[in-house]
Amino acid sequence: MKQLYDYVDAHRDEYIALLQKFCRQPSISAQNVGIKEMVDLIVKELATIQITPEIVETSGNPIIYGEIKGKNENRTLSFYNHYDVQPPEPLEEWKSDPFGAEIRDGKLYARGATDNKGSLLSRVCAIKAYQAVYGQLPLNIKLIYEGEEEVGSPHLSEFAHKYPDRLKTDGFAWEGGSKQLDGPLEVGLGVKGLLYIELRCRTAVSDLHSSNAAIVKNPAWRLVHALATMKDANDRVTIDGFYDSVKKPTDYEMDCLKTLNFREDKTKERLGLDGFINDLTGVPLLEKLYYQPTANIAGFKAGYLGDGAKTVMPGNAVVKMDLRLVPDQKPDEILKLVREHLDRRGFTDIEVVRLSGEPPFRANPECLFAQTVIKCVEPVYGMKPEVFISSSGTTAMYQFCHDAGLDAVMFGAGNEASNIHAPNENIILEDYINAIKMAATVMEEFAKA
Ligand SMILES: [Zn+2]
């Protein structure tokens with residue numbers, strides 16, 4: 001691949017300019033901004049690699065689907081990416097325009113630079129470079145670009161069930177993927193699931209004078225008491241039956257944890273922590289992070305939070321909770337457990353509303369595609385990857401991959417300080433260029449494997 005790597009280095013400026021062009025086009029799914037313009041831009045770009053994509057309409061934003069034949073007609077590699085981005089707010093915390101794609105100190109700053117335009121384009125540029133250096137691609141490629149990943153992929157399974165042929169593939173490269181700043185690339189083979197709920201409690205028609213606290217139930221206290229039954233002080237989730245379907249990690253899964261270079265001190269410093277929960281360290285800390293479910297209070301709203309004192313009793317209180325799930329927990333089963341748990345304790349006045357749900361997913365770590373990706377890392381990055389059986393986060397892998405029997409593998413252009421979803425999102429230009437080489441190497445090696 002030396003010839004191809006040299007070609008990529010020689011065309012570096014062109015690939016960076018392309019990423020700037022993509023980042024300067026906002027495509028915010030949550031606010032319905034710039035989606036059509038972004039789709040047009042992608043279609044134009046794909047024409048340069050001889051792909052005329054189909055714009056597959058869904059009940060939401062369209063999915064862009066394209067394919068191109070390669071020399072090995074019996075081997076297909078699919079790239080899943082998304083063209084939508086998170087809203088840039090809060091704008092005042094950005095050091096440059098979120099859609100300006102300014103380059104400073106070897107990094108490009110923009111909303112979507114890493115998540116997910118850098119990853120999407122690294123694969124397009126890999127195809128570009130391969131075609132320029134060797135002509136026809138070594139294997140068939142399918143491209144699937146979603147426009148609603150950042151709002152929970154509400155129509156991805158609609159696409160998957162409507163067009164099973166377009167999902168047929170031998171290797172499925174997922175979006176995302178990270179790298180340690182001065183360490184190895186991460187290869188991800190799975191994700192946690194997610195159940196997002198609201199607990200709502202209303203005890204009066206409106207907020208009241210707080211003298212009524214003597215005789216009227218306070219909805220915030222109701223929620224506090226209910227929440228206190230859901231997790232104990234040692235961080236064990238105490239929702240009845242919550243751990244019943246949790247699979248014990250296999251020996252192989254535990255061994256993978258031992259190979260991870262999780263820098264506890266650096267993480268504590270970066271996040272401003274004085275320690276981790278239960279003073280965990282080493283493998284037990286990683287087991288909790290990657291293989292254990294969570295029940296997180298994401299937000300709590302009730303009463304008065306403005307300046308000064310206001311003696312008021314809230315008439316209504318709301319808690320948002322996200323519960324990250326691991327195999328074989330299912331969002332709807334957990335939702336039912338939460339409801340039953342609260343009812344059993346007399347909290348029938350608390351409404352439980354499901355906002356979204358996504359089951360956990362894991363690929364088979366021994367499948368040919370996963371093993372090929374793992375082998376491709378060292379020639380590009382000069383060191384072996386860290387292999388994650390499951391990420392601590394969630395994407396829509398299950399609804400896309402489970403029924404279709406796909407083993408999705410995640411590798412990309414981001415790093416631990418890319419600030420995705422946060423102000424000053426950025427991509428290190430060197431990582432972007434390496435991601436182009438990585439995608440091209442995977443095409444080449446998977447065609448032969
Ligand atoms: Zn994202």
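The values are calculated or read from the model by the stated rules, or taken from the named source; none is laboratory data. In this text, all values refer to a predicted model and were calculated from it rather than measured experimentally. Positions of Cβ are generated from backbone atoms using ideal geometry, with glycine treated the same way; all protein chains shown enter the neighbour counts.
The table that follows gives values for the structure above.
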item: Some residue of region 175-196 being under 16 Å from V318 (Cα atoms) and either within 29 Å of the chain's Cα centre (by Cα) or hydroxyl-bearing (S, T, Y) (or both); result: yes
item: Qualifying position, being within 15 Å of the ligand (Cβ to nearest atom), under 30 Å from A417 (Cβ atoms) and surrounded by fewer than 16 Cβ atoms within 10 Å (Cβ to Cβ), among E93, E89, E150, E175; result: E89
item: Test: residue in region 412-424 that is buried (at least 20 other Cβ atoms within 10 Å of the Cβ) and more than 16 Å from the ligand (Cβ to nearest atom); result: no
item: Which numbered condition L280 fails, given (1) surrounded by fewer than 16 Cβ atoms within 10 Å (Cβ to Cβ); (2) among the aliphatic types (A, V, I, L, M); (3) in contact with a helix residue (DSSP H, G or I) (Cβ under 9 Å, 6 or more places away or on another chain); result: (1)
item: Test result for Y145, within 16 Å of the ligand (Cβ to nearest atom), touching a strand residue (DSSP E or B) at 6+ places or on another chain (Cβ under 9 Å), assigned to a strand (DSSP E or B) and in contact (Cβ under 8 Å) with a residue 12 or more places away in the chain; result: yes
item: Considering residues of region 101-126 that are out of contact with any helix residue (DSSP H, G or I) (no Cβ under 8 Å at 6 or more places or on another chain) and either more than 16 Å from the ligand (Cβ to nearest atom) or free of Cβ contacts under 8 Å to residues at least 12 places away in the same chain (or both) only, the residue farthest from E148 (Cα to Cα); result: D105
item: Residue selected from region 217-235 under the condition of a type in the set (S, T, N, Q) and more than 18 Å from N278 (Cα to Cα), by the criterion farthest from the chain's Cα centre (by Cα); result: N218
item: Region 350-378: number of residues that are farther than 18 Å from F388 by Cα and either touching a Cys at 6+ places or on another chain (Cβ under 8 Å) or part of a helix (DSSP H, G or I) (or both); result: 2
item: When residues of region 153-172 are limited to those that are hydroxyl-bearing (S, T, Y) and buried (at least 20 other Cβ atoms within 10 Å of the Cβ), the one modelled with the lowest pLDDT; result: S153
